[in-house]
Amino acid sequence: MHAPIAASVLRRKIAAHARPAPAGPDPQAAALRGLDRALRHAAAPFDGLGLSTSAAEAVMHETLEGAVAVLPRAGLVAVLEEEGGSRGLIALSPGLVDALVEVQTTGRVEQAELAERPVTRIDEALVRDFLDFALSAFARETEATPARSWPARMVYGSRIRDRGQIGLLLPEAAHLSLTVELGFEGTARRARVALVLPTDPAGARNVAPTPAPGRVAADAAWCAARDAVLDRLPLPLEAVLLRVTRPLGEVEGLAVGDLLPFGTADLAAITLETGAGVALARGRLGRIDGHRALRLPGPVTPPAIDTPRPAHVPSAPDKDATG
């Protein structure tokens, strides 16, 4: 049997044997429902707030940058902490901060929306109870969620005054963002709250899938042995710093000693590929212990089965351009 055909057949056999059971309840939808109820519970002690929820959205982000992008443009942003050391974020738009301050000082939410202003320590003190109530209620509402991959309980840490520090406080990893649009009874004012939670994909696998009716569950010992064998198989990797396109006449005229110039910005967009040309991840070139190193910004995504190699124009080997 020809080698590529044999490999394809083997992959199909493995995929058929380990085919997952039908998907269960969506944990992200459960998280949204939990946050909606948690906000309502947290608002109950604040007479005159009249909080209502409307549009809500849950998004899984592969990078921290994508999660930070959903935060309100202004308002209060704070770090959340979990006992195990994980960190997340919670953000309140200026409209919610102002409303919470107003109900605790004047007893009602004013009709006119206030001009945008910096968040003060007094503002933070007046919204802390609301945030503590909301986080506690969210933990209760979602503790029994199947395949939950976020921490069970997070607490308020400290306010972030400079959003540029978020990248130093939280790791470059996958995060789940939950955003809810808010309104206040008797007014046309709107606000928004965003919750960014760290996720651990391994945590979701702690819940054993239920086999489909009439199907025998896969042999756990066989699956473990199979995974052990596959994990030991060698996989050649290539770190591709850049690909260049040049006229055919120029390529034919290349000779030993010729240089292919490239900018330093290219070193921040390196692709890690298999020997077959399948892209696994993107990273940036760095240095560790005096050696060149490739830093991966997030989890590596497995390649799709039978993904064809992208076509490109090959360039002459250059130690400064490929590695």
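Determine which member of the set Thr179, Thr187, Thr145 is at pLDDT 85 or above, surrounded by 14 or more Cβ atoms within 10 Å (Cβ to Cβ) and in a loop (DSSP other than H, G, I, E, B). Before the answer, list the steps.
Numbers: Thr179 fails: in a loop (DSSP other than H, G, I, E, B); Thr145 fails: at pLDDT 85 or above.
Of the residues listed, the single one that is at pLDDT 85 or above, surrounded by 14 or more Cβ atoms within 10 Å (Cβ to Cβ) and in a loop (DSSP other than H, G, I, E, B) is Thr187.
Mind checking which residues of the stretch 38-96 are touching a Gly at 6+ places or on another chain (Cβ under 9 Å), of a type outside the set (Gly, Ala, Ser), under 22 Å from Phe184 (Cβ atoms) and not in a loop (DSSP other than H, G, I, E, B)?
Leu51, Thr53, Leu92, Pro94, Leu96
Please determine whether any residue of the stretch 66-77 is surrounded by fewer than 19 Cβ atoms within 10 Å (Cβ to Cβ), at negative phi and not small (Gly, Ala, Ser). Walk me through how you get there before you give the answer.
Let us first name the residues in the stretch 66-77 that are surrounded by fewer than 19 Cβ atoms within 10 Å (Cβ to Cβ), namely 66, 69, 73-74.
Pick out the ones that are also at negative phi and you get 66, 69, 73-74.
Imposing the further condition that a residue be not small (Gly, Ala, Ser) reduces the set to 73.
Yes, because at least one residue in the stretch 66-77 is surrounded by fewer than 19 Cβ atoms within 10 Å (Cβ to Cβ), at negative phi and not small (Gly, Ala, Ser).
Look at the stretch 88-105 and say how many of its residues are over 27 Å from the mean Cα position of the chain (by Cα) and either at pLDDT below 90 or under 14 Å from Val193 (Cα atoms) (or both).
Let us first name the residues in the stretch 88-105 that are over 27 Å from the mean Cα position of the chain (by Cα), namely 98-105.
Next cut, either at pLDDT below 90 or under 14 Å from Val193 (Cα atoms) (or both) only: 98-100.
The total comes to 3.
Between residues in the stretch 124-145 that are within 13 Å of Pro45 (Cα to Cα) and residues that are of a type outside the set (Lys, Arg) and assigned to a loop (DSSP other than H, G, I, E, B), which pairs lie under 8 Å by C-beta distance while being six or more apart or on different chains?
Note: pairs meeting the criteria are Asp129/Pro45; Phe130/Phe46; Phe133/Pro45.
Can you pull out every residue in the stretch 112-133 that is of a type in the set (Lys, Arg), part of a helix (DSSP H, G or I) and exposed (fewer than 12 other Cβ atoms within 10 Å of the Cβ)? Working first, answer last.
Let us first name the residues in the stretch 112-133 that are of a type in the set (Lys, Arg), namely 117, 121, 128.
The next check asks that each one be part of a helix (DSSP H, G or I); those that pass are 121, 128.
Answer for the stretch 112-133, where residues must be of a type in the set (Lys, Arg), part of a helix (DSSP H, G or I) and exposed (fewer than 12 other Cβ atoms within 10 Å of the Cβ): just Arg121.
So the check is Cβ under 8 Å with 6+ separation or different chains; which pairs have a first residue in the stretch 223-239 that's part of a loop (DSSP other than H, G, I, E, B) and a second one that's surrounded by 10 or more Cβ atoms within 10 Å (Cβ to Cβ)?
Leu235/Thr274; Leu235/Gly275; Pro236/Thr274; Pro236/Gly275
The values are calculated or read from the model by the stated rules, or taken from the named source; none is laboratory data. Just so we're clear, the structure is a prediction, and the values are computed from it rather than from any experiment. Quick reminder, even Gly has a Cβ in these numbers, built from the backbone with ideal geometry, and neighbours come from all protein chains shown.
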